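The values are calculated or read from the model by the stated rules, or taken from the named source; none is laboratory data. These numbers were taken from a predicted model, which means no experiment stands behind them. Cβ atoms come from the backbone with ideal geometry, glycine included; neighbour counts cover every protein chain shown. Areas reflect the complete protein model, heavy atoms only, side chains present, ligands, DNA and RNA absent. Shrake-Rupley method; radii C 1.70, N 1.55, O 1.52, S 1.80 Å.
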Amino acid sequence: MKQTFLVVYFILISLSSNFVYAEDKIVFVDSSRIINTSLAGQSITEQLKILNKKNIENFTKKENDLKKEETKLLAQKNVLDEEQYINKVNNFKSKVEQYNNDKKKATAAFNKKKYEAQKTLLTILQKTLSEYSEKNSIALIISKENVIIGKKQLDITELVIEDLNSSIKE
């Protein structure tokens, strides 16, 4: 009994004396703020807004034209003979179907362009964070969304934005 007590006592003392004296630096960044406020992020956002606005204007114009054509077609229903009316209705339906297909394609192309632009920006951001961590001996960079409480001194968002802006200018 005395021997097991001594063994447990020595094990506990040896374990408690092995304190880890780590000087690993841990910081956090607000990645969504970096994406929204960096020059590259703002440029991408502006380009996507312009493209989306053009698409909306284009499809709104086409939609208005189709509505006018539909109104005109409905007004001719009693004037045209049945065969001509059916041909015009079928023609109109094919135009509406083409409009819907074009709209789907434009939306898919816009979403793909947005995804590719964000992917490129995130790749550049990852490279910038990697270089920053090597240069400043940082062991771990955590996203601010995953931090509950942290000192403001550990938030390197502004520094990363500056580095990202300068690396993109180059």
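Is it fair to say Glu116 is within 30 Å of Ala40 (Cβ to Cβ), modelled with pLDDT of 95 or more and acidic (Asp, Glu)?
Yes: the conditions hold for Glu116.
Identify all residues within region 25-57 that are over 30 Å from Gly150 (Cβ atoms) and either touching a residue at least 40 places away in the same chain (Cβ under 8 Å) or of a type in the set (Phe, Trp, Tyr) (or both); write none if there are none.
Selection gives Gln47, Leu48, Leu51, Asn52, Asn55.
Exactly one of these conditions fails for Val160: (1) touching a strand residue (DSSP E or B) at 6+ places or on another chain (Cβ under 6 Å); (2) farther than 16 Å from Leu39 by Cα; (3) not aromatic (Phe, Trp, Tyr); (4) not in a loop (DSSP other than H, G, I, E, B). Give me its number.
(2)
Hey, could you check region 131-163 for residues that are surrounded by 12 or more Cβ atoms within 10 Å (Cβ to Cβ) and of a type in the set (Gly, Ala, Ser) and say which is nearest to Ser43 (Cα to Cα)?
Checking each candidate, the answer is Ser133.
Determine if region 79-97 includes at least one residue that is open to solvent by 50 Å² or more (accessible area, probe 1.4 Å), outside any loop (DSSP other than H, G, I, E, B), of a type outside the set (Gly, Ala, Ser) and touching a residue at least 40 places away in the same chain (Cβ under 8 Å).
no
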